[in-house]
Amino acid sequence: MKKFTNESMLEILRYFNKNKENKEICIEVLNPDFGENAYAGAILTFENEEYIYRSFKAWNDLAEIMFFKLLLPEKISTYTISLKFKKLNQDSSFHKQLELKTEKYGLNSDFFLINKSEEPSFIHYYSQALKNIRIKDRKKIINLGINRADEFEVIQNILNKDEFNEVSLTGIDFCQSAIDIAQKRFPNNSKFYKHDINDLPSLSLGKFDLLISIGTLQSSSLNFKLLFMSLVQELLEKDSALILGFPNCRWIDGEMIYGAKAKNYSYSELSVMHKDIYFCKKYLQQKKFRVTITGKNYLFLSASKINI
């Protein structure tokens, strides 16, 4: 076990990079409980030994950056603890699955095991976005890329029973097994379609006062800008709103890891995501929407029509 006292974080990063192929890394550090109100980097002295203070969050961030999982700390001495980091299996990710295209996100996929609503950095900002667009005023809602309808469940939990029963729900997805599950979860006041988002006009769906799409419109099979503009023009009523979720994370070995990863990059690269968000914001502002952008592991663009 390696003990760190007053070494810099840069030195610690170098140690992790040198040992990153190990299945486990175990280190001894100052117990963060002894650094109340301290900032990262503060020098604290205990029993004539200097330590650099770091919070539990800092150690968890280190684990995430290096693709490790931080396990439960153990007490070593009065002032120190051991931290064990378990290496994530980067091949254990739905991103690398080779199933048929239509069922990549289906019932038997790793993606189907993910419940974003149990991740604080998703549910907090999604709930906030729903409040921003006044969810209680929305009566006709469409979700593109609905999968098993987790986003509808959050709405159901925010509204009371009578309010939710007044809402008409529509979900679109290209995965039949996911649509089947969504239909079982919401048998009333809802319609679900297995359909290609590129061909929505053929469904004659009418117009909606809220459009939701989480991590779908950025698919490589879609022309993002043209599709987005057509959705705003053809699917939305005059007094309408949108919530778009842009994934800024990856799922590896059961862990949600911060940072979108573009093709041909070995590290997180965010420029494409930011470009898409900026395009949507400018376009919606031109269409007289009030736009806010929030979030962390998912960035949420929420927009409401300004009544003039």
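Observations on the model:
- Selection from the stretch 191-208 of residues that are outside any helix (DSSP H, G or I), surrounded by 11 or more Cβ atoms within 10 Å (Cβ to Cβ) and either in contact with a Ser or Thr (Cβ under 8 Å, 6 or more places away or on another chain) or not acidic (Asp, Glu) (or both): 191, 192, 193, 194, 195, 205, 206, 207, 208
- Failed condition for residue 106, given (1) assigned to a helix (DSSP H, G or I); (2) under 29 Å from residue 90 (Cα atoms): (1)
- Evaluation of residue 163 against the conditions (1) of a type outside the set (Ser, Thr, Tyr); (2) over 23 Å from residue 231 (Cα atoms); (3) in a loop (DSSP other than H, G, I, E, B) shows that the sole unmet condition is (3).
- Residue, nearest to residue 212 (Cα to Cα), within the stretch 152-170, restricted to residues that are of a type in the set (D, E, K, R) and in contact (Cβ under 8 Å) with a residue 12 or more places away in the chain: 153
- A count restricted to the stretch 249-307 and to residues that are in a loop (DSSP other than H, G, I, E, B) and among the polar types (S, T, N, Q) stands at 5.
- Any pair with Cβ under 6 angstrom, 6 or more apart, that starts in the stretch 1-28 at a residue that is under 18 Å from residue 79 (Cβ atoms) and in the same structural domain as residue 62 (by TED's automatic domain parsing) and ends at one that is of a type in the set (A, V, I, L, M) and exposed (fewer than 14 other Cβ atoms within 10 Å of the Cβ): 26/1; 28/1
- Any chance residue 48 is outside the structural domain of residue 267 (by TED's automatic domain parsing) and at positive phi: yes
The values are calculated or read from the model by the stated rules, or taken from the named source; none is laboratory data. Since this is a predicted model, take the numbers as computed values, not measurements. Here Cβ is always computed from backbone atoms with ideal geometry, including for glycine, and neighbour counts include all displayed protein chains.
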